[in-house]
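Notes follow once the structure below has been shown.
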Amino acid sequence: MSAVLEEAPVTERTAHSSGATSAMLDLALFEARRLLTRIPMLLAFAAYVAWIVWRTPKFEDGFPALQNADRATQSGPLLVGLAVMLCANHAVLRSQRHDTERHFGVLVLTPGRRTAAHVLSVVPAVLLVAVGVAGQFGWEALRPGAVGTGSVAELLVGPLLVLLFGAVGVLLARLIPSGFAAPMAIVLCFFLFFAVAVPTGTGERGTRWLAPVVGEMSSGAIPSDLMDRPAAWHALYLLGLGLTVGLLAVVAGGGRGWALKGAVAAALALAVTGGVAQTSGLPAKTVVARAAATNNPEKQQTCVNRDGSTYCSFPEWRARTATWASVLRHVQSLAGGRAHTQPVLVRQRIYATDGLYSDGAIDPSANPYQVTVGTRWGGNRVPEFSAAVSSVLVAGSEKATGGMCDGRMVTAMWLALSWQPDPMRSLRDVRLDDSVTGSAIVLSPTDPLQMTAGQTDVVRELLAKPQQSVAAKVKAHWAELTAPKVTSARVAELLGVAAPKEADKCD
């Protein structure tokens, strides 16, 4: 009998050695299923999908630059990540709540391996977010108006955030075995993300890159080779941070051994390497290239000729030249005199000096019949570009439009808006205050224009008339309609509408 009792422990140790890894993976799968079916997780994924469906069709008015679309995938997974942190934390503490921790001592899994199983249980959630990110970006990339190039490293940020938050949830459970720890951590995250001004270093780099998601203040787009965001280093930083937190959770759960300690050191090295590299200064060659693209864009652009006019753009935007040509063709078809056939140079111009860290103004060109177009398109950008084209055809150059505070503004705005599918809506869209009455600033790719209340009234009346009847009068009186200092009252008389009650006077 004593021999039997002595042999029993040997059998137990052998089973423990051979089945621990398999049991850990089985537990990870079991916990993953429970994690994904928790109410907070289901709500978070439902909100995430709804966010994708709501945001993606409207992103950049359906004409996305993919170097912006990849970053647009990063904020949505934050909600899923917080839900994963809460549910993973709750799962680790289940044995404490149900007073079953003492029963685990007879199982093949050690506390460290059980903790590792909980860390692994967040991986399916990470993969589901990766599918969501791929779907969102793919939706944008397949749009007919898509341009540019996305970054795989930027797309990895969303899934890596979920991994990091899930690991934090497990670590919190091992360090602070209380159900209040994870909710308090979520409150702290919201406080840090939205209520605290974190030191950002200098310029577009610096300690701002230590945050999980690094957004930009510019609403525009620049060529992808000029962005130079340290996205790859940031992805490495998040990966290293997530692995470090997960492995520390295993250590806090009772994991031991040189292999585990070495893994912690390696993961920490990844996090430190990525963290330091991403905060380094901007390379000098990027600064030079951005300055050249801002001040001398012609050296980096390709040009095409359409219907006698020339369209110069950065290579990634070349597909949009046909759309720009369509706007120019519509405006010129309504113009009279020389403007009806005047060759125009449409040049894409950007402010790239600060990358996407800040927006900057683009000075109007003094070159005759040169029109500036930006990197965004669709929505309000169409009437804005149309107004830029018409004002140059009327005044002769972008610089000359700055002093166009007379009746020529009526002619230019009618040319810009009358061909649009909904002219009154386009009038609203092109004005800064979205109004169709009173004075207002008219948006443009360079310096804005100004409309007085009287000019607005005349334009509104003209847009209500049949286009062809007004077009015939515009062509017949083109020379007088575009003469400097012509009054809005005289323009209204020539075009057959009521004259404004007030004289032309811009602020």
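The values are calculated or read from the model by the stated rules, or taken from the named source; none is laboratory data. It should be emphasised that the depicted structure is a prediction, and the values quoted were computed from it without experimental measurement. No Cβ is skipped: glycine too gets one built from the backbone with ideal geometry, and neighbour counts run over all protein chains shown. The area values use the complete protein model at the heavy-atom level, side chains included, leaving out ligands, DNA and RNA. Shrake-Rupley method; radii C 1.70, N 1.55, O 1.52, S 1.80 Å.
Here are some notes:
- Scanning the stretch 65-111 for residues that are surrounded by fewer than 18 Cβ atoms within 10 Å (Cβ to Cβ), at pLDDT 80 or above and among the charged types (D, E, K, R) turns up just one, 94.
- Cβ pairs under 9 Å, 6+ apart, first in the stretch 458-472 and touching a residue at least 24 places away in the same chain (Cβ under 8 Å), second open to solvent by 60 Å² or more (accessible area, probe 1.4 Å) and assigned to a helix (DSSP H, G or I): 460/424; 463/424
- Test: residue in the stretch 332-350 that is in contact with a helix residue (DSSP H, G or I) (Cβ under 9 Å, 6 or more places away or on another chain), in a loop (DSSP other than H, G, I, E, B) and of a type in the set (S, T, N, Q): yes
- Per the listing 407, 403, the residue uniquely over 24 Å from residue 308 (Cα atoms), buried (at least 20 other Cβ atoms within 10 Å of the Cβ) and more than 24 Å from the chain's Cα centre (by Cα) is 407.
- Residue that is farthest from residue 151 (Cα to Cα), among those in the stretch 223-275 that are touching a residue at least 40 places away in the same chain (Cβ under 8 Å) and basic (Lys, Arg): 256
- If you filter the stretch 429-463 down to residues that are of a type in the set (Asp, Glu) and within 28 Å of the chain's Cα centre (by Cα), you find that the one that is farthest from residue 326 (Cα to Cα) is 433.
- Conditions (1) surrounded by fewer than 21 Cβ atoms within 10 Å (Cβ to Cβ); (2) among the small types (Gly, Ala, Ser); (3) closer than 27 Å to residue 219 by Cα: number failed by residue 388: (1)
- Matching residues, the stretch 436-472, being farther than 20 Å from residue 386 by Cβ, in a helix (DSSP H, G or I) and either open to solvent by 40 Å² or more (accessible area, probe 1.4 Å) or in contact with a helix residue (DSSP H, G or I) (Cβ under 9 Å, 6 or more places away or on another chain) (or both): 454, 457, 469, 472
- Residue match in the stretch 61-70 (condition: among the polar types (S, T, N, Q) and under 19 Å from the mean Cα position of the chain (by Cα)): yes
- Cross-chain or 6+ apart pairs with Cβ under 7 Å, the stretch 279-298 first and under 27 Å from residue 371 (Cα atoms), then buried (at least 17 other Cβ atoms within 10 Å of the Cβ) and small (Gly, Ala, Ser): 290/352; 290/355; 293/352; 294/352
One line per residue, one yes/no per condition, for (1) closer than 30 Å to residue 120 by Cα; (2) assigned to a helix (DSSP H, G or I); (3) not charged (D, E, K, R):
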position: 248; (1), (2), (3): yes, yes, yes
position: 251; (1), (2), (3): yes, yes, yes
position: 261; (1), (2), (3): yes, yes, no
position: 274; (1), (2), (3): yes, yes, yes
position: 277; (1), (2), (3): yes, yes, yes
position: 291; (1), (2), (3): no, yes, yes
position: 299; (1), (2), (3): no, yes, no
position: 304; (1), (2), (3): no, no, yes
position: 322; (1), (2), (3): no, yes, yes
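- Filter result for the condition that a residue is within 34 Å of the chain's Cα centre (by Cα), polar (S, T, N, Q) and assigned to a loop (DSSP other than H, G, I, E, B), over 397, 390, 426: 397
- Residues being over 18 Å from residue 171 (Cα atoms) and either open to solvent by 40 Å² or more (accessible area, probe 1.4 Å) or touching a strand residue (DSSP E or B) at 6+ places or on another chain (Cβ under 7 Å) (or both) - total across the stretch 267-290: 14
- Out of 339, 361, 352, sole residue that is open to solvent by 10 Å² or more (accessible area, probe 1.4 Å) and modelled with pLDDT under 95: 361
- Criterion: of a type outside the set (D, E, K, R), modelled with pLDDT of 90 or more and crowded, with 18+ Cβ neighbours inside 10 Å - qualifying residue of 302, 244, 310: 244
- Test: residue in the stretch 317-330 that is among the aromatic types (Phe, Trp, Tyr), closer than 28 Å to residue 470 by Cα and crowded, with 19+ Cβ neighbours inside 10 Å: yes
- Qualifying residue in the stretch 478-485 (condition: touching a Leu at 6+ places or on another chain (Cβ under 8 Å), crowded, with 16+ Cβ neighbours inside 10 Å and either of a type outside the set (Phe, Trp, Tyr) or part of a helix (DSSP H, G or I) (or both)): yes
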